[in-house]
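Handing you this structure, nothing more for now.
The values are calculated or read from the model by the stated rules, or taken from the named source; none is laboratory data. Bear in mind that the values here come from a model prediction, so they are computed numbers and not experimental data. Backbone-built Cβ (ideal geometry, glycine too); neighbour counts: all protein chains shown. Just the protein is used for accessible areas: all its heavy atoms, side chains included, with ligands, DNA and RNA removed. Shrake-Rupley method; radii C 1.70, N 1.55, O 1.52, S 1.80 Å.
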Amino acid sequence: MKQTLHTKWLMRLLLLFQFFASTIAFLAHQHLHKRNVCFIRSCIRSHDISYFTDEIANEPSRKNARTRPDASTKSIFLYLVQLNGSIASFVTGIPIGIIATTILVALEKSKPSSKTSSVTANVSTSKGGSRTAILALWGRAQQANGPDEFATLLLQQQLSNAFGSNTVQGQLQTATALACSAMSRLNYQLTRGVFEDQVGFFATLGNTGLVTPLQCRTCWFDDCVEAFVRRIPASDTTAATGNVVILGSGYDTRCYRMNLQQRGIQCYEIDAPGTLAEKQTVLRNLDIDTVSTSYVPCDFESQDWFQQLLTQSSFNASLPTLLIWEGVTMYLSRKSIIKILQSVSDNARLQQTSWYIAFDFINKDWAMSSFWSNAMKRVGEPFQFAVSLKSEGEVLRDMLKYCRLEMLEYLTNTEELSRRYSQEHWQGRKVGIVGRYGGFVVAGYEAPKEEKDK
């Protein structure tokens with residue numbers, strides 16, 4: 001009886017909290033939209049270049065599939081109800097947790113951190129793997145009709161045992177999930193926006209959303225892979241024509257959903273041992289065919305990823321190679337990033353073949369704030385590298401020049417990202433908030449023409 005009473009009061013508090021959150025979002029919506037438009041305009045950079053993905057991204061069929069009206073409306077909310085209640089409670093609890101954490105941190109007296117405490121060990125190498133990889137998976141799974149059709153299945157499997165649905169706690173979580181899901185949908189009806197993006201917009205001090213930037217990121221990296229495959233001459237034999245290496249693969253699914261092996265591409269995934277082991281377990285439980293993908297465990301901070309790749313797989317370095325480095329640079333030191341970029345340049349020149357690396361970075365203006373620095377340290381995967389968009393990419397350009405790599409794409413233009421990848425409402429307005437998440441880069445060494453023609 002006492003447990004039931006507590007459950008009822010907790011449910012009432014959650015409903016009241018969600019109601020106030022939705023009301024605030026409704027009242028602030030017009031202001032948010034105007035601010036977002038201003039941020040979009042302020043992020044139009046004359047120095048942006050998009051030689052690598054521009055043609056692919058603007059193909060009508062690809063663009064329409066990603067931006068069609070109301071593609072996200074059904075999946076963002078009904079997806080939560082379709083899942084097991086325990087999973088839904090976890091997912092829908094994220095926005096509430098973010099808001100609650102924001103309030104608590106704001107009330108907490110900040111203490112200056114010493115140099116010895118500024119470095120926090122990354123938990124992704126331990127058993128259970130990366131927590132932020134799961135959060136990124138959650139972001140992709142918010143759209144059931146989005147670019148990653150495997151994301152929903154992976155999230156279900158990964159979180160299905162997180163809570164016991166037959167216990168009192170599980171029943172409470174199920175009820176909470178349904179209540180939060182209903183209120184999130186009401187929020188959409190009131191504001192015509194994604195609640196998680198609205199929360200993220202406030203939490204990052206008006207810089208970026210939480211879900212839509214992840215969707216844009218997934219689409220952009222997909223375009224990089226497609227552009228790379230089309231650059232490689234087709235072979236009349238069954239021999240491999242190129243390599244795609246996923247550095248820090250997390251729960252990336254490109255090796256399974258883009259039919260790369262059938263197009264002559266060898267696939268390799270490299271990540272921290274704990275994360276890679278957890279992912280392989282999930283894939284086996286889902287009976288997803290992974291025979292044609294090679295897995296290479298590596299701690300990027302202490303091990304040489306290329307040596308690991310050579311010794312633990314049948315990697316052929318003489319083939320044209322694309323490295324996908326999605327959502328990783330922010331967790332590495334500048335020294336580690338330069339080391340990896342340098343190895344790409346060295347290997348390409350040694351083999352005299354074309355090598356490319358595609359990566360993203362986060363905006364220093366919000367990511368290195370005291371709130372986010374402390375929050376990521378608590379998660380166990382602290383941000384270590386970020387670039388201010390105000391610098392117009394000079395930091396990255398200098399790093400690439402030092403490593404003797406050519407910058408083939410530098411994309412921070414929010415308007416362009418939103419136009420390419422963000423889904424629209426039926427009235428033509430974008431549902432999500434891209435904001436000033438960060439940017440995307442393709443760098444590489446292209447073999448001399450006479451070498452490529454051989």
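Name the residues in segment 339-370 that are over 27 Å from VAL229 (Cβ atoms) and either open to solvent by less than 40 Å² (accessible area, probe 1.4 Å) or touching an Asp or Glu at 6+ places or on another chain (Cβ under 6 Å) (or both), would you?
ILE362, ASN363, TRP366, ALA367, SER369
Output yes when any residue across segment 287-299 is modelled with pLDDT of 95 or more, within 23 Å of the chain's Cα centre (by Cα) and under 22 Å from PHE440 (Cβ atoms), and no when none is.
For segment 287-299, residues modelled with pLDDT of 95 or more, within 23 Å of the chain's Cα centre (by Cα) and under 22 Å from PHE440 (Cβ atoms): absent.
One residue is enough: does segment 294-317 have a residue meeting the conditions open to solvent by less than 20 Å² (accessible area, probe 1.4 Å), of a type in the set (S, T, N, Q) and either within 24 Å of THR218 (Cβ to Cβ) or without any contact (Cβ under 8 Å) to a residue 60 or more places away in the chain (or both)?
Checking segment 294-317: not a single residue is open to solvent by less than 20 Å² (accessible area, probe 1.4 Å), of a type in the set (S, T, N, Q) and either within 24 Å of THR218 (Cβ to Cβ) or without any contact (Cβ under 8 Å) to a residue 60 or more places away in the chain (or both).
Another question about this same structure. Is there a residue in segment 278-287 that is farther than 22 Å from GLU409 by Cβ, of a type in the set (A, V, I, L, M) and surrounded by fewer than 17 Cβ atoms within 10 Å (Cβ to Cβ)?
Looking for residues that are farther than 22 Å from GLU409 by Cβ, of a type in the set (A, V, I, L, M) and surrounded by fewer than 17 Cβ atoms within 10 Å (Cβ to Cβ), one finds at least one in segment 278-287, hence yes.
Here is a follow-up. In segment 224-253, what residues are surrounded by fewer than 24 Cβ atoms within 10 Å (Cβ to Cβ), part of a helix (DSSP H, G or I) and out of contact with any Phe, Trp or Tyr (no Cβ under 6 Å at 6 or more places or on another chain)?
VAL225, GLU226, VAL229, ARG230, ARG231
What is the residue count in segment 388-398 for residues that are buried (at least 20 other Cβ atoms within 10 Å of the Cβ) and within 22 Å of TYR445 (Cβ to Cβ)?
2
Being within 25 Å of THR329 (Cα to Cα) and more than 18 Å from the chain's Cα centre (by Cα) narrows it down to one residue among ASN243, ASN207; which is it?
Exactly one of ASN243, ASN207 is within 25 Å of THR329 (Cα to Cα) and more than 18 Å from the chain's Cα centre (by Cα), namely ASN243.
Determine which member of the set LEU408, LEU417 is within 30 Å of ASP346 (Cα to Cα) and crowded, with 17+ Cβ neighbours inside 10 Å.
Every option except LEU408 fails the conditions.
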